[in-house]
Amino acid sequence: MYFNDKPSIFPAHCEIALLVFVMYALAFLLAYHFGADVKGVDQVLSQVKLGLYLTVVLVSIFAFLLPMLLIRGRWKIIPVVANKKNFVFLNCIFLVVYFLLKIKLLGGLTAAEYAFDSGEIEDPTWKASIFLSECIYVFAAIWVFIGSREWFLTNIIALQMNLMHGTRIYVMIAFISLFYVFFRHLSKVKILITSIFGLTGLILFSYIIFLFRHGVLDQFDTDVQWLLSPVLIESVFSQWSLINVLGETKYFGEINTLHFILDPILYTVPRFLLPDKDLLMLYFSPDLSPLGAFNGVAASIVYLGVFFPLYWFLFGLLGALIYQLARRSLFFRIYYFIFCTNIILRLMRDGYLIPTKIIINDFMLLAVIFILVKTFRYFKSLVVVKFVNA
């Protein structure tokens, strides 16, 4: 693997932001053009103001890309970490606990129903497994930069166990992670071909799980478009809140600056410390997003009104800052990978609060892993010194 950012028109976070925006918008526009009517998609599409939708999406993309003009210089090549044993040891511990939790969940409703529908989302085991999923993902990011394709792919594949309870976010994260590795860190044709087959297999596997879970294969004979339902449902329903926000012009006139600053802080505070924190945060009507997920562009309008481009400019500025820090730091290089492959996707489909929480949590997770590795090395050195002196 290479550890130098390859020459390109845009930095990686700009390229991936374009990829994510274009994928969601393109699938949405195709569904609108051909009149898709899968799982109630047609009801959502009938409400869209297409001109306004295209305008806010394009302005958001432009505002996010604008800070890249501040980026200067290329990345310094960082040598591969020579001793990986401590990382392997920690990674194995996390994987074992992760697999044990997922095996336990196999006996519950999560294997048969969507976790949010079955109520299993409140199960401590499910919550712990999702936390460990994020840990496994951080380890995958680490392996990209300390030189092990095998461990990177092991963690990425392990994450796909989340499909058994309907959590598809890690499938999309895996897709974007492989995309990043394709165009930023691989050059050998053999590796590229292998990765392409792996990516194709990942997509097919996720499709099969989805089709069986939703009984789509039973309807194949009557309507072929159901085979495209995973793409249509993800794109259209994740933007349902945006369609509803654009339908109410009042949101462009409301500016909630104080909530924009305080809500991420309140959301990050553990609930046992602040049980009523929801009452202190900006209220989002369930009618705006009947399925729960809240689109990032919709969130930017609800928080900042007509100044919503500032929202995307600030996150683009954050990406540019991390990029600059990553030029000479292994820690921030890994964190930049996390920003590109995880946070940008969540900014698009999970609103404002979840991505900001992930920004903080993944930074802390990465820091803790580095501290644990250094602690292991320290105690090992003490043992060696005592053994020699004895």
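Read the figures in this text as sums done on the coordinates, not as results from a lab. Everything numeric here is computed off the predicted structure, so don't read it as measured data. No Cβ is skipped: glycine too gets one built from the backbone with ideal geometry, and neighbour counts run over all protein chains shown.
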Residues whose placed amide H lies under 5 Å from that of N295, excluding near-sequence neighbours: S241, L242
In region 322-362, the trypsin sites (Lys or Arg not before Pro) that fall in loop regions by DSSP, at most 14 other Cβ within 10 Å: R328
Inverse mean reciprocal Cα-Cα distance (Kirkwood Rh) of region 238-375, Å: 16.2
